[in-house]
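Everything below concerns the one structure shown next.
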Amino acid sequence: MNDFNVELNLRLERIREQGLYRELRRIDSPQASQIAIGGKSLINFSSNDYLGLANHPTLKEATIKAVEKFGAGSGASRLICGSLAPHFELEETIAAFKGTESALSFSSGYSAAVGTICALLGKDDIIVLDKLVHASIVDAARLSGAKLRIFSHNDLNELEDILRWSETKMTSTTDKRPRTLIVTESVFSMDGDLAPLREIVALKQKYNAWLMVDEAHATGLFGQYRRGLLEMLGLSNQVEVQMGTLGKALGSAGGYICGSKSLTDYLINRARSFIFSTAPVPAAAAAATVAINLVQSSEGAERTQRLCELLASTKERLTQSGWNLSTVQSAILPLIIGDETKAVQLAAKLRERGFYIPAIRYPTVALGSARLRLTMTASHTPDDITKLHSALSAGTL
Ligand SMILES: *Cc1c(COP(=O)(O)O)cnc(C)c1O
């Protein structure tokens, strides 16, 4: 036992030396634009609760009602006896919202990615990823055993080179015809820029590949009905697999996959993270269901509108202060610092001044590209932005 801890402490020391040590911070308040940490109230610019729904009265009420009616736990996996009415209602609501034939919910976006990619691909297949996709997709790709090819971020020429190569493999004479799956995000989680989805759809059609799009940071925010970037670009029915999370703009917890009925039927049979895991608690499903309805309502439209206005003025002010946000087209505003230790020091300074904006470091982003990842939500006020702007301009950095 002693040896074990000595070894781990050595490893932790190495992590510290690189400026990469991480620790948990306890929040003593609900998720909101102001949060309580260590008895102090901080303006929170770090949450993915983009529409301010996590602590919304409608979601809380739905959660309480679901607990009263269906209890706290779901009792078993979905295929045993854990598929309760709120899970079905959620899946019908997601499918209607996204305009797909069917949807399937998972306990997290992470498990949706791992379960789906490993169900679709095996070692004879090819998976093609944008360099900046989320860790859940990278882990899924590795676990699937498929041949992994990575193209530089949003680089269509590199993507096409890989697809041209993969086409030669797909027409090989072996019995099993290999499949190629491209996976990208619609809004990139650490850079806040968008994928060129129209062009990617055209390429996947040209080379007979399948496409999976992770809308984790676009669902609830983009498009006329706030379904995501695919809706905005009119591409929803040209993508084989859509994925997302219920834990960001939708204010609850869980992940989902949507697409054809054949896809969800297949995943119920083959997605191991779905099959071998206790069903999400019914309260989370109920909260996500009302969140999706709220997002589509006039209140959802107002919240998105407010967020867009706050974003425009924040971007303008930060740009005036010298930050390069030219590629940002979402609620994620990365302030690139570079050095890991420096980013951590800046985050600490900002905390002292009353702002919570965490430093994002390797392995979440590449080494040497540490950043303050600033996120805006519909719950922020213009005053929050004024304060932030003066803190960031007043020689804090
Ligand atoms: C957060 C996130 C996920 C994982 O979703 P969870 O529900 O938090 O597990 C997947 N993909 C992207 C791009 C994400 O940002």
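Counting only residues that are of a type in the set (Phe, Trp, Tyr) and in a helix (DSSP H, G or I), which one in the stretch 266-296 is farthest from residue 77 (Cα to Cα)? Write out each step before concluding.
Just the residues of the stretch 266-296 that are of a type in the set (Phe, Trp, Tyr), to begin with: 266, 274, 276.
Next, only the ones that are in a helix (DSSP H, G or I) stay: 266, 274.
On the way: 266: 17, 274: 8 Å.
Out of the qualifying residues, it is 266.
Residue 263 fulfils the conditions (1) more than 15 Å from the ligand (Cβ to nearest atom); (2) in contact with a helix residue (DSSP H, G or I) (Cβ under 6 Å, 6 or more places away or on another chain); (3) touching a residue at least 40 places away in the same chain (Cβ under 8 Å); (4) assigned to a helix (DSSP H, G or I) except for a single criterion, (2). Checked against the criterion of being within 16 Å of the ligand (Cβ to nearest atom), surrounded by fewer than 20 Cβ atoms within 10 Å (Cβ to Cβ) and either among the hydroxyl-bearing types (Ser, Thr, Tyr) or closer than 29 Å to residue 63 by Cβ (or both), the stretch 280-288 contains not a single residue that satisfies it. How many of the residues making up the stretch 233-256 are more than 13 Å from the ligand (Cβ to nearest atom) and among the small types (Gly, Ala, Ser)? Counting residues in the stretch 233-256 that are more than 13 Å from the ligand (Cβ to nearest atom) and among the small types (Gly, Ala, Ser) gives 2. Helices (runs of 4 or more DSSP H) fully within the stretch 52-144 that include at least 1 residues being touching a helix residue (DSSP H, G or I) at 6+ places or on another chain (Cβ under 8 Å), within 14 Å of the ligand (Cβ to nearest atom) and among the small types (Gly, Ala, Ser): 109-120, 135-144. Residue count for the stretch 352-363, restricted to those that are out of contact with any Pro (no Cβ under 9 Å at 6 or more places or on another chain) and buried (at least 17 other Cβ atoms within 10 Å of the Cβ): 6. For the stretch 213-232, filtered to residues that are assigned to a helix (DSSP H, G or I) and buried (at least 24 other Cβ atoms within 10 Å of the Cβ), the residue that is farthest from the ligand (Cβ to nearest atom) is 230. Just checking, does the stretch 373-383 include any residue being free of Cβ contacts under 8 Å to residues at least 60 places away in the same chain and under 20 Å from residue 23 (Cβ atoms)? The answer is no; no qualifying residue exists. Could you tell me whether the stretch 156-168 includes any residue that is surrounded by fewer than 17 Cβ atoms within 10 Å (Cβ to Cβ) and of a type in the set (A, V, I, L, M, F, W, C)? Yes; the residues of the stretch 156-168 include at least one that is surrounded by fewer than 17 Cβ atoms within 10 Å (Cβ to Cβ) and of a type in the set (A, V, I, L, M, F, W, C).
In the stretch 175-203, the residues that are more than 14 Å from residue 159 (Cβ to Cβ) reach residues that are among the hydroxyl-bearing types (Ser, Thr, Tyr) and surrounded by 19 or more Cβ atoms within 10 Å (Cβ to Cβ) with C-beta atoms within less than 7 angstrom, at least six apart or across chains, in these pairs: 187/330; 192/330; 194/186. Note on the stretch 12-52: residues that are over 25 Å from residue 247 (Cβ atoms) and among the polar types (S, T, N, Q) total 1.
Of all the numbered requirements in (1) within 21 Å of the chain's Cα centre (by Cα); (2) of a type in the set (Phe, Trp, Tyr); (3) modelled with pLDDT of 95 or more, residue 266 misses one, and that requirement is (1).
When the residues of the stretch 173-212 are narrowed to those that are of a type in the set (Ser, Thr, Tyr) and away from the ligand (no atom under 16 Å from the Cβ), which ends up surrounded by the fewest Cβ atoms within 10 Å (Cβ to Cβ)? Checking each candidate, the answer is 173. When each of 134, 87, 153 is tested for being modelled with pLDDT of 95 or more, under 28 Å from residue 208 (Cα atoms) and in contact with a Lys or Arg (Cβ under 9 Å, 6 or more places away or on another chain), the lone residue that passes is 153. With respect to residue 164, determine if the residue is part of a helix (DSSP H, G or I), under 22 Å from residue 119 (Cα atoms) and either more than 12 Å from the ligand (Cβ to nearest atom) or over 17 Å from the mean Cα position of the chain (by Cα) (or both). Against the criterion (part of a helix (DSSP H, G or I), under 22 Å from residue 119 (Cα atoms) and either more than 12 Å from the ligand (Cβ to nearest atom) or over 17 Å from the mean Cα position of the chain (by Cα) (or both)), residue 164 does not qualify.
Can you tell which of 70, 45 is out of contact with any strand residue (DSSP E or B) (no Cβ under 7 Å at 6 or more places or on another chain) and at pLDDT 95 or above?
The conditions single out 70.
The values are calculated or read from the model by the stated rules, or taken from the named source; none is laboratory data. Quick caveat: nothing in here was measured; it's all calculated off a predicted structure. As a convention, Cβ positions derive from the backbone with ideal geometry for all residues, glycine included, and neighbour counts pool all protein chains shown.
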